[in-house]
Amino acid sequence: MSRRTAEPYKIKSVEPIRMTTRAERERAIAEAGYNTFLLKSEDVYIDLLTDSGTSAMSDAQWAAMMRGDEAYAGARSFYRFEQAVREIYGFQWMVPTHQGRGAEHLISRILIRPGHVIPGNMYFTTTRVHQELQGGTFVDVIIDEAHDSLSDHPFKGNVDLVKLQSVIDRHGAENIPYVNVAVTVNLAGGQPVSMQNLRETRSLLQHHGIRMWCDATRAVENAFFIKERESGYAGKPVRAILKEMMSYFDGCTMSAKKDCLVNIGGFLAGNDDAILQAAREQVVIFEGMPTYGGLSGRDMEAVAQGIYEMVDDDYIAHRINQVRYLGRQLVDFGVPIVLPIGGHAVFLDARQFLPHLDQDEYPAQALAAALYVDSGVRAMERGNVSSGRDQATGKNRRPKLELVRLTIPRRVYTDRHMDVVADSVRHLYEHREEIPGLEMVYEPPTLRFFTARFAPVKTACQVRT
Ligand code: F0G
């Protein structure tokens with residue numbers, strides 16, 4: 001008999017959630033333009049929009065916040081934060097930012113010039129926008145398996161070294177300020193990169209004198225997958241695996257709102273003093289003094305404490321296994337999801353789920369809206385809307401992956417909440433042909449998924465209960 005396990009924490013404080021009726025939810029989604037980003041949180045039952053800034057903090061983090069040193073410059077809290085980054089990530093210096101995109105903004109301004117090319121293992125929305133704003137062009141060098149929701153490759157986030165070499169040959173190393181490697185890869189389904197791939201990518205780039213930068217947003221989750229799947233790592237603590245991963249990079253951008261178990265914060269970290277000096281010059285313009293970068297002292301305390309908690313082996317094992325607990329139920333129901341199940345979310349394959357819709361009827365957006373109406377579960381579109389328009393042609397990019405992300409906040413929901421989500425998705429799958437497509441009726445110029453509005457193509461968004 002396989003024994004069941006449970007959360008490695010107990011609940012000390014609760015936040016009640018409001019139950020809604022189907023009629024209320026139909027009204028709410030229509031008012032939100034069928035965009036789950038525009039729903040009010042009080043109309044949501046189980047909020048799986050994102051794992052970003054939605055973690056439950058520990059009692060130790062709340063206690064640490066009382067120690068926050070709110071000095072404008074040189075706060076003790078900054079030095080504790082810097083020490084945690086040095087100890088756990090291994091980078092020499094750290095500049096705080098208000099969140100991940102603040103760090104992306106800094107590194108893009110510092111290193112990218114017009115005409116530069118920045119290879120990366122699949123794009124991320126904010127990362128690519130900052131590269132483009134500096135006149136750079138993102139080039140995808142992830143392995144082909146990442147774009148195939150059915151491939152069960154254990155490290156679908158890997159960099160394709162042949163693709164990377166050919167980008168270098170085509171553009172010249174002098175036009176590539178750095179390669180950006182994300183661990184894990186959010187839009188591929190939270191898929192990890194292997195240690196071997198990091199090592200090989202590093203050695204290729206070293207040969208060409210190109211920097212290797214990391215998007216370390218979910219690096220601890222990546223470290224857990226290495227422990228589980230890569231030979232030689234089974235007996236190692238996640239903390240040691242993370243440190244080895246980071247040793248292959250020149251630096252990282254970080255959204256502390258994920259791995260670090262806080263509600264706000266980010267940082268840029270690295271070893272090169274010239275970049276540190278440039279980062280200090282830039283951060284004062286856009287974020288704040290280099291010893292706070294847009295964060296209060298108490299925020300920095302919470303991140304510092306979260307950095308030590310995130311590498312607890314029992315915590316991270318439970319976090320990944322809760323995501324899998326949801327995913328496996330959906331697999332058992334025959335629902336098409338991205339496999340293997342990733343680190344922070346279960347991704348529904350909306351193309352396979354709703355084959356009657358064209359991709360320009362935004363199947364993933366339509367499915368996310370239908371899920372909300374069915375059960376009050378809020379998910380996020382990660383497909384044709386998120387991907388935006390091609391800069392050259394102005395057409396929708398129609399990415400291979402058209403996904404709905406059920407993103408699991410850290411330490412917030414119980415496995416019982418996962419059961420409710422699974423039942424709702426199953427119900428929708430059984431009635432999938434009744435889910436109508438959407439047309440976009442308002443489109444903002446950049447990062448359109450946040451604020452775009454939609455209307456159902458045919459009938460009102462309705463699934464029989
Ligand atoms: N990089 C990755 C891989 C991310 O997933 C995110 C944010 C960022 C950078 C930007 O960080 O939000 O702190 O500015 N992802 C969130 C999400 C928004 O829901 O996936 P940020």
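Do any of LYS12/LYS258; LYS236/LYS400; LYS163/LYS395; LYS236/LYS258; LYS12/LYS227 go past 29 Å between their Cα atoms, and which?
Cα-Cα > 29 Å for LYS236/LYS400; LYS12/LYS227; rest within.
About its Cα centre, what dipole magnitude does the chain give when the only charges are +1 on Lys and Arg Cβ and -1 on Asp and Glu Cβ, stated in debye to the nearest 20? Each step should come with its number before you reach the end.
Working: 54 positive and 59 negative charges, 60 e Å.
My answer is approximately 280 debye.
Relative to the longest principal axis of the C-alpha atoms of the chain, give the angle of the C-alpha long axis of helix 219-229, reported between 0 and 90° and rounded to the nearest 10°.
Roughly 80 degrees between the two axes.
Roughly how tilted is helix 161-171, in degrees to the nearest 10 and between 0 and 90, from the longest Cα axis of the chain?
For helix 161-171, the angle is close to 70 degrees.
Taking the Cα atoms only, what angle lies between the long axis of helix 238-247 and the longest principal axis of the chain, rounded to 10 degrees?
60
Need one word for the stretch 60-310: rounded, prolate or oblate. Basis is the Cα gyration tensor (sqrt eigenvalues a ≥ b ≥ c); a/c below 1.5 gives rounded, then a/b vs b/c decides.
In terms of gyration-tensor shape, oblate.
Applying the Karplus parametrisation 6.51 cos²θ - 1.76 cosθ + 1.60 with θ = phi - 60° to the phi angles of the stretch 428-445, what ³J(HN,Hα) value in whole Hz is obtained for each residue in order, glycine and proline being reported as x?
4, 5, 5, 10, 4, 5, 8, 8, x, x, 10, 10, 8, 10, 9, 10, x, x
Once amide H atoms are placed 1.01 Å from N in the peptide plane, what residues at a sequence separation of 5 or more from ILE337, or on another chain, have their amide H within under 5 Å of its amide H?
ASP349
How would you order 281-289, 432-440, 88-96, 343-351 from highest to lowest mean count of nearby Cβ atoms within 10 Å?
343-351, 88-96, 432-440, 281-289
In sequence order, what are the phi-derived ³J(HN,Hα) couplings for the stretch 44-53 according to the Karplus relation 6.51 cos²θ - 1.76 cosθ + 1.60 with θ = phi - 60°, rounded to whole Hz, with x for glycine and proline?
Result, rounded to whole Hz: 9, 8, 10, 9, 10, 4, 7, 9, 9, x.
Determine ³J(HN,Hα), in whole Hz, for all residues of the stretch 98-114 in sequence, where each value follows from phi through the Karplus function 6.51 cos²θ - 1.76 cosθ + 1.60 and θ = phi - 60°; x replaces Gly and Pro.
Ordered by residue, 3J(HN,Hα) equals 5, 6, x, 5, x, 5, 5, 4, 4, 5, 5, 5, 6, 10, 9, 10, x Hz.
Can you list the residues, at least 5 places off or on another chain, whose amide H is less than 5 Å from the amide H of ILE46, using H built in the peptide plane?
Close amide H contacts, sequence-distant or interchain: VAL377, ARG378.
Can you give me the relative contact order of the chain as a percent, contacts being Cα pairs under 8 Å and 6 or more apart?
Once divided by the residue count of the chain, the mean separation gives 23 percent.
So what is the 222 nm mean residue ellipticity for the chain from helices alone, if each DSSP H run of at least 4 adds -39500 (n - 2.57) and you divide by all residues, rounding to the nearest 500 deg cm²/dmol?
Per the formula, -12000 deg cm²/dmol.
On a full-extension model of 0.36 nm per residue, what is the gain between ARG67 and ILE11, subtracting their alpha-carbon distance, rounded to one decimal in nm?
Separation in residues times 0.36 nm, less the Cα-Cα distance, equals 17.8 nm.
Quick one: in the chain, what % of C-alpha pairs are over 43 Å apart?
I get 11 percent for the Cα pairs in the chain exceeding 43 Å.
Collect residues whose amide H, placed 1.01 Å from N in the peptide plane, falls under 5 Å from the amide H of LYS236; neighbours closer than 5 in sequence don't count.
none
What does a probe at ALA455 reach in the stretch 2-42, counting residues whose amide N is under 20 Å from the point 7 Å along Cα→Cβ?
26-39
Gap in Å between the Cα centre of the stretch 390-452 and the Cα centre of the stretch 218-287?
Using only Cα atoms, the two centres lie 28 Å from each other.
Give the shape of the stretch 325-424 as rounded, prolate or oblate, defined through the alpha-carbon gyration tensor: a ≥ b ≥ c are the square roots of its eigenvalues, a/c under 1.5 means rounded, and otherwise the shape is prolate if a/b is larger than b/c and oblate if not. List each step's numbers first, then the result.
Values: a/c = 2.02, a/b = 1.86, b/c = 1.09.
Prolate.
Sorted by packing (mean other beta-carbon atoms within 10 Å per residue), highest first, where do 223-230, 375-382, 271-278, 138-145 land? Before the final figure, lay out the partial values.
Details: 223-230: 21.5, 375-382: 25.0, 271-278: 14.6, 138-145: 19.5.
Answer by packing, highest mean first, reads 375-382, 223-230, 138-145, 271-278.
Every read-out reported here was derived from the displayed coordinates using simple, explicitly stated rules and does not represent laboratory data. Computed from a prediction, not measured in an experiment: that's the story for all the values here. Because the Cβ atoms are built from the backbone with ideal geometry, glycine has one as well, and the counts that use them run over all protein chains shown.
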